[in-house]
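Note sheet for the following structure.
The values are calculated or read from the model by the stated rules, or taken from the named source; none is laboratory data. Just so it is clear, the model here is predicted, and its values are computed rather than measured. All Cβ positions, glycine included, derive from the backbone under ideal geometry; neighbour counts span all protein chains shown.
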Number of protein chains: 2
Amino acid sequence: MNKEQLFENIKRKKSFLCVGLDTDIEKIPSHLRQEKEPIFAFNKAIIDATADLCVAYKPNLAFYESLGVEGWIAFEKTVRYIRENYPDQFIIADAKRGDIGNTSEMYAHSFFCHLDLDAVTVAPYMGEDSVKPFLGYPGKWVILLGLTSNKGSHDFQLTTDAEGERLFEKVMRTAQTWASDEQLMFVVGATQGKLFEDVRRIAPRNFLLVPGVGAQGGSLEEVATYGMNSECGLLVNSSRKIIYAAADERFASAAREEALKVQYEMEHLLHSKGIL
Amino acid sequence: MNKEQLFENIKRKKSFLCVGLDTDIEKIPSHLRQEKEPIFAFNKAIIDATADLCVAYKPNLAFYESLGVEGWIAFEKTVRYIRENYPDQFIIADAKRGDIGNTSEMYAHSFFCHLDLDAVTVAPYMGEDSVKPFLGYPGKWVILLGLTSNKGSHDFQLTTDAEGERLFEKVMRTAQTWASDEQLMFVVGATQGKLFEDVRRIAPRNFLLVPGVGAQGGSLEEVATYGMNSECGLLVNSSRKIIYAAADERFASAAREEALKVQYEMEHLLHSKGIL
């Protein structure tokens, strides 16, 4: 999916919501645990209940890998289910990969050829040759960690170098010499507040994938105020607050209600920014 | 496995070799591709041919994930095969993970409980709370990326901050406030030459996992000269040069010959450093 298509979907659906499929076998409703494929059954119900309210899904690989082979099967089935039934969805593998060139190439092949995902999150620490292999697939995206939503983001990402540039700024500035905003997004945590202004100074046109709204406490309004650009430029992710909105048999309709609240707020924000 | 046991294994086997199981379906001998489980068949033969010459195995997750479910099965079978048949081997999941706390916890559970691996490689960009969950398992290790072997390591890892400290130094110094050298190793690429002296100034006692000897061109002698400490303190990895030493039916014996050459050089280096 290219940037224009993504923006069109955002306008049509009046939403820039990404639903994070951080599906934890310990947290899904107990009645689903009797099913043959409980993780997929949960995901399918969540997807069917939310697909008209969001523009992207983001399965977090850790949750699937923690179950070994069974989890990997559930991950693949989930991706295929979205691809076949909701072809307008942007599917992100939240994998935070990044390795030497030949290894990154294996990951890229896995995510973009074997599974036909739209994007993968990548960690920047190993530099250009760890990221470049992911950029060799037209229409596929790298979402590079910029300024993350967690407390530990302060440990290294805010370190100022001898030229006065913070590490996340250097990462975002340097990465733009590797790829255009048609293939490169950045992860910027919703908890970073006014730092979104600094992010937009460095990356005015790139889409930002924004985790940290909801369970992690970030404010959607603040993110839109400081982070939205003329093409929206935001995919705001919510995982736990939506998918675990209820722990009983009405989990899917509860997830829908929660997603609807977020979509409603997003519609308002898109209006107030003149995008709708 | 604790540090003392690892050092004992190194002295007993006169080797600090780690064999990297970067098994690529495209590169294994063609006669194996007829087998039902070609990746596992290849790994089993390589392991049986090299286990007395090395102290560690390092499957690189990317190579397995690129094959989807089938690859994940091969990865698990390989780890279980080593665990059951060669219990003195230190098994490293080369995964380069690192995510927000609850996600890193899922990975840690996957690698240390579900699979009983000894160590996992972790990326430092997201800071303390992305690494800490891996440290909650006694006898299990985090191997944090410090100074990697690839060209892109210069993009960010060598950036000097306002206090004159380079990023890899800050990472290695800071991480030592999170864990002792009984649970924390660092990745330092063999291609970094004299920078090993700087690494040892910051981390005199930590084991270093050293990729980049062999196909990537690093020198084993240089690594030992600048990086070895009184407990050896090195696990030097070689992947492609050993496992793809021959592409025909004698691939396993060719791998053994290559591993034997490295072990022989390591024995000499351990002697010359007074460890043997």
Selection from the stretch B:151-183 of residues out of contact with any Asp or Glu (no Cβ under 8 Å at 6 or more places or on another chain) and hydroxyl-bearing (Ser, Thr, Tyr) yields B:153, B:177, B:180
Residue hits (the stretch B:187-197; surrounded by fewer than 17 Cβ atoms within 10 Å (Cβ to Cβ) and under 24 Å from residue B:6 (Cα atoms)) are B:197
Of the listed residues (A:131, A:142, A:120), the one being touching a helix residue (DSSP H, G or I) at 6+ places or on another chain (Cβ under 9 Å), away from chain B (no Cβ under 12 Å) and either closer than 23 Å to residue B:150 by Cα or part of a helix (DSSP H, G or I) (or both) is A:142
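The rows are residues; the columns are (1) assigned to a helix (DSSP H, G or I); (2) in contact (Cβ under 8 Å) with a residue 40 or more places away in the chain; (3) charged (D, E, K, R); (4) surrounded by fewer than 22 Cβ atoms within 10 Å (Cβ to Cβ).
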{"residue": "A:10", "(1), (2), (3), (4)": "yes, yes, no, no"}
{"residue": "A:20", "(1), (2), (3), (4)": "no, yes, no, no"}
{"residue": "A:28", "(1), (2), (3), (4)": "no, yes, no, no"}
{"residue": "A:39", "(1), (2), (3), (4)": "yes, no, no, no"}
Note on the stretch A:152-186: residues crowded, with 17+ Cβ neighbours inside 10 Å, under 25 Å from residue B:174 (Cα atoms), within 10 Å of chain B (Cβ to nearest Cβ) and of a type in the set (A, V, I, L, M, F, W, C) are A:156, A:167, A:168, A:171
- Task: Kindly establish whether residue A:266 is under 19 Å from the mean Cα position of the chain (by Cα), buried (at least 22 other Cβ atoms within 10 Å of the Cβ) and either more than 29 Å from residue B:170 (Cβ to Cβ) or at pLDDT below 95 (or both).
- Result: yes
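Per-residue answers, yes or no, for (1) more than 7 Å from every other protein chain (Cβ to nearest Cβ); (2) surrounded by 23 or more Cβ atoms within 10 Å (Cβ to Cβ); (3) at positive phi; (4) free of Cβ contacts under 8 Å to residues at least 24 places away in the same chain:
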| position | (1), (2), (3), (4) |
| --- | --- |
| B:64 | yes, yes, no, no |
| B:67 | yes, no, no, no |
| B:81 | yes, no, no, no |
| B:84 | yes, no, no, yes |
| B:87 | yes, no, no, yes |
| B:94 | yes, yes, no, no |
| B:99 | no, yes, no, no |
| B:105 | yes, no, no, no |
Scanning the stretch A:228-246 for residues that are surrounded by fewer than 22 Cβ atoms within 10 Å (Cβ to Cβ) and not in a loop (DSSP other than H, G, I, E, B) gives A:229, A:240, A:241
Could you say whether any residue in the stretch B:88-95 is farther than 30 Å from residue A:217 by Cα, assigned to a loop (DSSP other than H, G, I, E, B) and of a type outside the set (D, E, K, R)?
yes
Exactly one of A:77, A:44 is part of a helix (DSSP H, G or I), out of contact with any strand residue (DSSP E or B) (no Cβ under 6 Å at 6 or more places or on another chain) and within 13 Å of chain B (Cβ to nearest Cβ), and that one is A:77
Over the stretch A:169-192, the set of residues outside any helix (DSSP H, G or I) and within 18 Å of the chain's Cα centre (by Cα) is A:181, A:182, A:183, A:184, A:185, A:186, A:187, A:188, A:189
Those residues of the stretch A:196-227 that are assigned to a loop (DSSP other than H, G, I, E, B) and without any contact (Cβ under 8 Å) to a residue 12 or more places away in the chain come to a total of 0
Those residues of the stretch A:107-117 which are at the interface with chain B (Cβ under 7 Å from one of its Cβ atoms) and either touching a Lys or Arg at 6+ places or on another chain (Cβ under 8 Å) or β-branched (Val, Ile, Thr) (or both) amount to A:107
